[in-house]
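Following: one structure in structure tokens, then a few remarks.
The values are calculated or read from the model by the stated rules, or taken from the named source; none is laboratory data. On a predicted model such as this, the values are computed, not experimentally measured, just so you know. Here Cβ is always computed from backbone atoms with ideal geometry, including for glycine, and neighbour counts include all displayed protein chains.
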Amino acid sequence: MREAGIGRVLVASLHQGIADILPTRLSFYENWLNAEGLREGTIGLAPLYAVLSFLRQEGEAYQMITTRAGEYAAEWTVASMPPLQRAAIKAAPAWLRTRMLLRLARQLVRNSYTGSRAISRFRRGLASIDVRASVFCTVREPASQPLCGFYAAAFTRLLTLFNMHARAEVVACRGTGQPTCVLKVAMLNGQAREGLEA
């Protein structure tokens with residue numbers, strides 16, 4: 001039974017990110033991200049919080065690992081989609097594809113941790129994604145840097161996989177003391193805008 005709705009895609013992508021960036025520390029993190037838990041989807045919230053807490057102590061590696069994990073999560077989410085759904089999204093005009101991908105981004109957030117949800121708005125070529133209850137940003141003391149790079153990387157990779165050249169950026173993070181995590185994606189006819197509006 002899965003405790004607290006931790007998604008396999010989140011745990012597996014974090015595990016792979018750690019293996020890529022800190023291979024010599026992988027055995028340490030496997031105390032919490034063990035093979036049985038990965039296979040059966042039984043990693044709980046407490047072990048995940050422990051892993052994230054220890055990763056934050058790794059310095060710059062935290063950002064690299066969560067970014068890589070977000071990219072893996074997006075790739076595996078797209079790979080698990082029915083081929084017809086992938087083809088329909090790719091064939092859609094840019095304005096519709098954007099909305100379909102925002103829906104997919106919301107689903108990815110929910111599939112990563114069922115306690116989280118994302119609310120997206122799209123207006124004048126600018127998408128705003130509000131991530132509520134981000135599992136990455138639950139900290140005792142405010143951090144100096146945004147902690148939700150996982151979502152920014154995942155959203156950017158999702159867009160890239162469907163030929164939408166834009167980049168998600170964190171503009172507010174609950175881990176730094178903000179009420180919620182907010183990401184902005186600037187798009188214009190499927191192309192990235194030069195500057196992001198705040």
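Would you point out which residue out of 171, 185, 131 is closer than 28 Å to residue 14 by Cβ, aliphatic (A, V, I, L, M) and in contact with a Lys or Arg (Cβ under 6 Å, 6 or more places away or on another chain)?
Values: 185 fails: in contact with a Lys or Arg (Cβ under 6 Å, 6 or more places away or on another chain); 131 fails: in contact with a Lys or Arg (Cβ under 6 Å, 6 or more places away or on another chain).
Unique residue meeting the criteria: 171.
Return yes when residue 6 is touching a residue at least 12 places away in the same chain (Cβ under 8 Å) and farther than 23 Å from residue 117 by Cβ and no when it is not. Break it down into steps so the answer makes sense when it comes.
Working: touching a residue at least 12 places away in the same chain (Cβ under 8 Å): yes; farther than 23 Å from residue 117 by Cβ: no.
Taking the combined requirement at face value, the residue does not satisfy it.
Can you confirm whether segment 13-28 contains a residue that is surrounded by 15 or more Cβ atoms within 10 Å (Cβ to Cβ), among the aromatic types (Phe, Trp, Tyr) and modelled with pLDDT of 95 or more?
No: segment 13-28 contains no residue that is surrounded by 15 or more Cβ atoms within 10 Å (Cβ to Cβ), among the aromatic types (Phe, Trp, Tyr) and modelled with pLDDT of 95 or more.
If you take the residues of segment 164-196 that are of a type in the set (Lys, Arg) and within 19 Å of residue 95 (Cβ to Cβ), which of them is modelled with the lowest pLDDT?
We begin by selecting, within segment 164-196, every residue of a type in the set (Lys, Arg); these are 167, 174, 184, 193.
Pick out the ones that are also within 19 Å of residue 95 (Cβ to Cβ) and you get 167, 184, 193.
Values: 167: 91, 184: 97, 193: 45.
Out of the qualifying residues, it is 193.
Look at segment 42-97 and say how many of its residues are closer than 18 Å to residue 18 by Cα, in contact (Cβ under 8 Å) with a residue 60 or more places away in the chain and β-branched (Val, Ile, Thr).
Residues flagged as closer than 18 Å to residue 18 by Cα, in contact (Cβ under 8 Å) with a residue 60 or more places away in the chain and β-branched (Val, Ile, Thr) within segment 42-97 amount to 2.
Kindly establish whether residue 161 is at pLDDT 95 or above, buried (at least 19 other Cβ atoms within 10 Å of the Cβ), in contact with a strand residue (DSSP E or B) (Cβ under 9 Å, 6 or more places away or on another chain) and not basic (Lys, Arg). I'd like the intermediate steps shown before the answer.
On the way: at pLDDT 95 or above: yes; buried (at least 19 other Cβ atoms within 10 Å of the Cβ): yes; in contact with a strand residue (DSSP E or B) (Cβ under 9 Å, 6 or more places away or on another chain): no; not basic (Lys, Arg): yes.
So residue 161 does not fit the description; no.
Of all residues in segment 21-45, which are among the β-branched types (Val, Ile, Thr) and under 14 Å from residue 10 (Cα atoms)? Lay out the reasoning, then the answer.
Of the residues in segment 21-45, the ones among the β-branched types (Val, Ile, Thr) are 21, 24, 42-43.
42, 43 - these are the residues of segment 21-45 that are among the β-branched types (Val, Ile, Thr) and under 14 Å from residue 10 (Cα atoms).
Does any residue of segment 99-107 turn out to be over 16 Å from the mean Cα position of the chain (by Cα), modelled with pLDDT under 95 and either part of a helix (DSSP H, G or I) or farther than 15 Å from residue 137 by Cα (or both)? Give the steps one after another, and end with the answer.
Restricting attention to segment 99-107, the residues satisfying the condition of being over 16 Å from the mean Cα position of the chain (by Cα) are 99-100.
Those left that are additionally modelled with pLDDT under 95: 99.
Retained after the next criterion (residues that are either part of a helix (DSSP H, G or I) or farther than 15 Å from residue 137 by Cα (or both)): 99.
Yes, segment 99-107 contains a residue that is over 16 Å from the mean Cα position of the chain (by Cα), modelled with pLDDT under 95 and either part of a helix (DSSP H, G or I) or farther than 15 Å from residue 137 by Cα (or both).
Kindly evaluate residue 170 against the criterion of being among the β-branched types (Val, Ile, Thr), within 11 Å of the chain's Cα centre (by Cα) and closer than 20 Å to residue 65 by Cβ. Break it down stepwise before answering.
Working: among the β-branched types (Val, Ile, Thr): yes; within 11 Å of the chain's Cα centre (by Cα): no; closer than 20 Å to residue 65 by Cβ: yes.
When the stated conditions are applied, residue 170 does not pass them.
Determine, yes or no, whether residue 48 is hydrophobic (A, V, I, L, M, F, W, C) and within 20 Å of residue 9 (Cβ to Cβ).
Working: hydrophobic (A, V, I, L, M, F, W, C): yes; within 20 Å of residue 9 (Cβ to Cβ): yes.
It is true that residue 48 is hydrophobic (A, V, I, L, M, F, W, C) and within 20 Å of residue 9 (Cβ to Cβ).
Whether any residue in segment 14-36 is farther than 30 Å from residue 141 by Cα and either in contact with a Pro (Cβ under 6 Å, 6 or more places away or on another chain) or part of a helix (DSSP H, G or I) (or both) is what I want to check.
Keep residues of segment 14-36 that are farther than 30 Å from residue 141 by Cα, which gives 35-36.
Next, from what is left, pick out any that are either in contact with a Pro (Cβ under 6 Å, 6 or more places away or on another chain) or part of a helix (DSSP H, G or I) (or both): 35-36.
Checked segment 14-36: at least one residue is farther than 30 Å from residue 141 by Cα and either in contact with a Pro (Cβ under 6 Å, 6 or more places away or on another chain) or part of a helix (DSSP H, G or I) (or both).
Conditions first: (1) surrounded by 12 or more Cβ atoms within 10 Å (Cβ to Cβ); (2) in a helix (DSSP H, G or I); (3) hydroxyl-bearing (Ser, Thr, Tyr). Residue 42 passes all but one, so which condition is the exception?
(2)
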